[in-house]
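The values are calculated or read from the model by the stated rules, or taken from the named source; none is laboratory data. Predicted model, so just to flag it, every value in this text is computed and none were measured. Ideal geometry is used to build each Cβ from the backbone, glycine not excepted, and the neighbour counts take in all protein chains shown. SASA here: full protein model, heavy atoms, side chains in, ligands and nucleic acids out. Shrake-Rupley method; radii C 1.70, N 1.55, O 1.52, S 1.80 Å.
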Amino acid sequence: MSRTWSLALRRTALIVAIFVLWEAVTGGFGLGIVLVSPAILARPSSALGELGPYAQSGLLWRDLSTTLTEAMVGLVLGIIGGAALGLGLAYLRGTSEVVEPVLVSLNSLPRIAVAPILLPLFGLGIASKIALSFFTVFFVVFFNTYLGIRSVDPELVKAVQVMGGSRAHLARFVVLPSVFSWIFAALRTSVSFALTGAVVGEFVGASAGLGYRLNIAAGLLDTKRVYLILLILMVFAVTLVEIAKRVEARLLRWRPSATLGT
Amino acid sequence: MSVSCDRVTIRFRASVEAVSDVSLDVARGEFVAIVGPSGCGKSTLLNAIADLLDPAICEVTGRIEIDGAGRRERTRRDANLGYVFQRDALLPWQTLLENTQLGLAIRGIGKERRLARARELIAMAGLAGFEHYYPHQVSGGMRQRASLVRTLAYEPQTILMDEPFGALDAQNRMVLQAELLKIWQETPRTILFVTHDLAEAIVLAQRVIVMSRRPGRVKAVHAIDLPYPRDAFALRGSAEFARLETTIWQALRDEFRLATETNA
């Protein structure tokens, strides 16, 4: 316990030190040291000072909820779609051999590169961001599902078969749990992918969202707001990944590694 | 006959012969052990009896019957076989309590009855208190007990066991042998037990079938005329046990020797 506390303390100290140093070299604390121009690197105190106006204008909540909605809807649809296609193709071995090169090619495409074509397809609203988020998550889940099915322990299959289990029993007791473990093991990656998809989608064209606001601020050389949004995004991402980690540990508690946590 | 093999030959990819012309009969309620050097095809034979071989790579000729019916003439459920694997083959995502109900769930038994049966057997196997543990949280010996409980739970008439205690340490192996003996003596079921441990075969079985090195054939069959109930621990020190071990080892030794030479 004391080790955990001392680690937490040292971690906090490092974060505080980074902010203090950052503040000091951008003209803070009345030291007059300006190593980096405020137009490039905003002073943390002034960036955080932007939080008040941003929140009061009502835009903060609107942007946060927009980006969160896009990322989460994209995540859920991506997981469902990827799992469905992965399961489907694993059962249709003939088809999967034909489809594989197409999927591998699509997967090797940098996912966010498709953002510009999604805009005319789905418009400026949240649909195009959901689509990009979906697209980035989909392949992670699809390949994990596909691999998950191929790595099902044949001995477990035999155990169910010898007891007289049907194909439905096999799916319920062996294949699906095995696949779910692979999907949930990729949940953390999927969450950050979903967020990336949403934010990049907003860069390309949107009317709300953290990425949209960030892009506008950068265009106006409003460095304070840029850094504020970056900090918000960081906290946002860390929180989401932390939640994903908890969900993962809970769902995969039967696994030796998942219970240890990191 | 509970299990009957008539001139069974098994080939892998139509060329490598794993089991050659094996005929054996196991009577209802009989405990038979098969011993042989590793790679002699004894596990393959067991898999063939359980109809677990992939027909795409294995060709089985001859006739295998369970209770008088050919393997493809009945559903697996009607064949009512039990199979205990060397590795426990428990579902890692289910607790021991859930795992032991697997066969009952497959048979569509209601939740109440399933739970009652599983709890009763878990207590009998000395696993009480560990019902809600996942397989990775308990020892190998406990996992294998749970695996045995899972098989007994749906009351298969015939149980095939593929070196079930092979992965355990010597002490655990002896304890589980004693427990298996006790279970079988209380409720006789047909058991076909594959092992490479001759002492284990003698302690447990009524008959020991010695298989030759690959391709496996039946080399000798020995009746183990030690009376039941047997004491798995005391038996090992007896003169009768020593006599049987020496006799059967004579047949087995050559196979081990030849196996080493061919491998070298």
> Got the relative contact order for chain B handy, in percent, Cα pairs under 8 Å and 6 or more residues apart?
Replying inline: 27 percent
> What is the magnitude of the charge dipole of segment B:159-264 about its Cα centre, with +1 placed on the Cβ of each Lys and Arg, -1 on the Cβ of each Asp and Glu, and no other charges, expressed in debye to the nearest 20?
Replying inline: 300 debye
>> Can you compute the label reach from A:Val36? Point 7 Å from Cα along the Cβ direction, backbone N cut-off under 19 Å, restricted to segment A:217-249.
In response: A:217-235
> Can you list, bin by bin at 5 Å, the percent of alpha carbon pairs in segment B:7-52, starting at 0?
Replying inline: 6, 17, 29, 29, 12, 4, 2, 0
> What's the long-distance tail for the protein assembly as shown, i.e. % of Cα pairs beyond 34 Å?
Replying inline: 55 percent
>> Take A:Ile18 and B:Ser238, extend 7 Å from each Cα along the Cα→Cβ direction, and tell me the distance between the two endpoints in nm.
In response: 7.4 nm
> What does the charge dipole of the protein assembly as shown about its Cα centre add up to, to the nearest 20 debye, if the Cβ of each Lys and Arg holds +1 and the Cβ of each Asp and Glu holds -1?
Replying inline: 740 debye
> How much of the accessible area of chain B, probe 1.4 Å, is carbon plus sulfur, in whole percent?
Replying inline: 51 percent
> Carbon and sulfur atoms: what percent of the 1.4 Å accessible area of segment A:41-260 do they account for?
Replying inline: 71 percent
> At a Förster distance of 25 Å, what's the computed FRET efficiency of A:Ala84 paired with B:Arg72, Cβ-Cβ distance as r, to 0.05?
Replying inline: 0.15
>> Positive end of the dipole of the protein assembly as shown, charges at C-beta (+1 Lys, Arg; -1 Asp, Glu), about the Cα centre: which of B:Ala79, A:Phe193, A:Leu170 has its Cα farthest in that direction?
In response: A:Phe193
>> Suppose all protein chains stay in the model; what accessible area per residue would a 1.4 Å probe give for the protein assembly as shown, in Å²?
In response: 47 Å²
> Chains A and B: what accessible area do they bury, summed, in square angstrom to the nearest 100, with a 1.4 Å probe?
Replying inline: 2200 Å²
>> With viscosity set to 1.567 mPa s at 4 °C, what whole-number translational diffusion coefficient in µm²/s follows for chain B from Stokes-Einstein and a Kirkwood radius over Cα pairs?
In response: 68 µm²/s
> For segment A:105-210, what ratio Rg/Rh do Cα atoms give with a Kirkwood hydrodynamic radius?
Replying inline: 1.18
> Measuring from label point to label point, each 7 Å out along Cα→Cβ, what is the B:Asp254 to A:Arg172 span in nm?
Replying inline: 5.3 nm
> If you put +1 on each Lys and Arg Cβ and -1 on each Asp and Glu Cβ, how big is the dipole of chain A around its Cα centre, in Debye rounded to 20?
Replying inline: 640 debye
> In deg cm²/dmol and to the nearest 500, what is the mean residue ellipticity at 222 nm of the protein assembly as shown if only DSSP H runs of at least 4 residues count, each as -39500 (n - 2.57), divided by the residue total?
Replying inline: -18500 deg cm²/dmol
>> Taking R0 as 41 Å, what FRET efficiency do you get between A:Ser207 and A:Phe180 from their Cβ-Cβ distance, rounded to the nearest 0.05?
In response: 0.65
>> Would you calculate the convex hull of the Cα atoms in segment A:49-184 and tell me its volume per residue in Å³?
In response: 150 Å³
> In vacuo Debye scattering of chain A, one point per C-alpha: log10 I(q)/I(0) at q = 0.07, 0.11, 0.17 Å⁻¹?
Replying inline: -0.35, -0.77, -1.27
